[in-house]
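The values are calculated or read from the model by the stated rules, or taken from the named source; none is laboratory data. Bear in mind that the values here come from a model prediction, so they are computed numbers and not experimental data. Methodologically, a virtual Cβ is constructed for each residue, glycine included, from the backbone with ideal geometry; neighbour enumeration extends over all protein chains shown.
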Amino acid sequence: MGQQYDATVRRSISAFAVALAILALSASTGQAADVAKGEAAFVRQCAICHTIDKGGENRLGPNLFGIVGKRAGTVPGFKYTNAFRNTATFEWSEGLLGPWIALPAVMVPGTAMGVFPGVSDRDKDDIVAYVAAQK
């Protein structure tokens, strides 16, 4: 019971923390997201680490083209951290992208993804709309 029980408890606590983060961070600004503004915000705040064009290269982060609807950690050729590979068992959705942008280490403790300081809720919503539109 020892190690197996401990691992089960850790997974349960992690799942609970992710659920709380999603609930807390999924609230939007209440305004419709703007894909064009999302593209500009992506360029300012995400493009240093990510590409988003079809067939684009991986950088410090994976290429994000078509990411919505895909299982996390499956971008070909990108080397994910052990923490990400072992914890991120979800499928990317618009509802998960916002919390991921805001607090990635809460969703996946030990991830290499850092928080880009100064991402407003408005920018976050627009970035999510832009990323979701890239398919």
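Which one of Val9, Val18, Val106 is modelled with pLDDT under 95, in contact with a helix residue (DSSP H, G or I) (Cβ under 9 Å, 6 or more places away or on another chain) and farther than 15 Å from Lys124 by Cβ?
Sole residue among the options that is modelled with pLDDT under 95, in contact with a helix residue (DSSP H, G or I) (Cβ under 9 Å, 6 or more places away or on another chain) and farther than 15 Å from Lys124 by Cβ: Val18.
For the range 58-95, which positions are assigned to a loop (DSSP other than H, G, I, E, B) and of a type in the set (A, V, I, L, M, F, W, C)?
The answer is Leu60, Leu64, Phe65, Ile67, Val68, Ala72, Val75, Phe78, Ala88, Phe90, Trp92.
Does at least one position in the range 102-117 carry a residue that is in contact with a Gly (Cβ under 6 Å, 6 or more places away or on another chain), on the phi < 0 side of the Ramachandran plot, assigned to a loop (DSSP other than H, G, I, E, B) and surrounded by 16 or more Cβ atoms within 10 Å (Cβ to Cβ)?
The answer is no, given that none of the residues of the range 102-117 is in contact with a Gly (Cβ under 6 Å, 6 or more places away or on another chain), on the phi < 0 side of the Ramachandran plot, assigned to a loop (DSSP other than H, G, I, E, B) and surrounded by 16 or more Cβ atoms within 10 Å (Cβ to Cβ).
Might you let me know whether the range 77-91 holds any residue that is touching a residue at least 60 places away in the same chain (Cβ under 8 Å) and aliphatic (A, V, I, L, M)?
There is no residue in the range 77-91 that is touching a residue at least 60 places away in the same chain (Cβ under 8 Å) and aliphatic (A, V, I, L, M).
If Gly55 meets every condition in (1) over 23 Å from Gly114 (Cβ atoms); (2) outside any loop (DSSP other than H, G, I, E, B); (3) of a type in the set (Gly, Ala, Ser); (4) at pLDDT 95 or above apart from one, which number is that one?
Of the numbered conditions (1) over 23 Å from Gly114 (Cβ atoms); (2) outside any loop (DSSP other than H, G, I, E, B); (3) of a type in the set (Gly, Ala, Ser); (4) at pLDDT 95 or above, the odd one out for Gly55 is (2).
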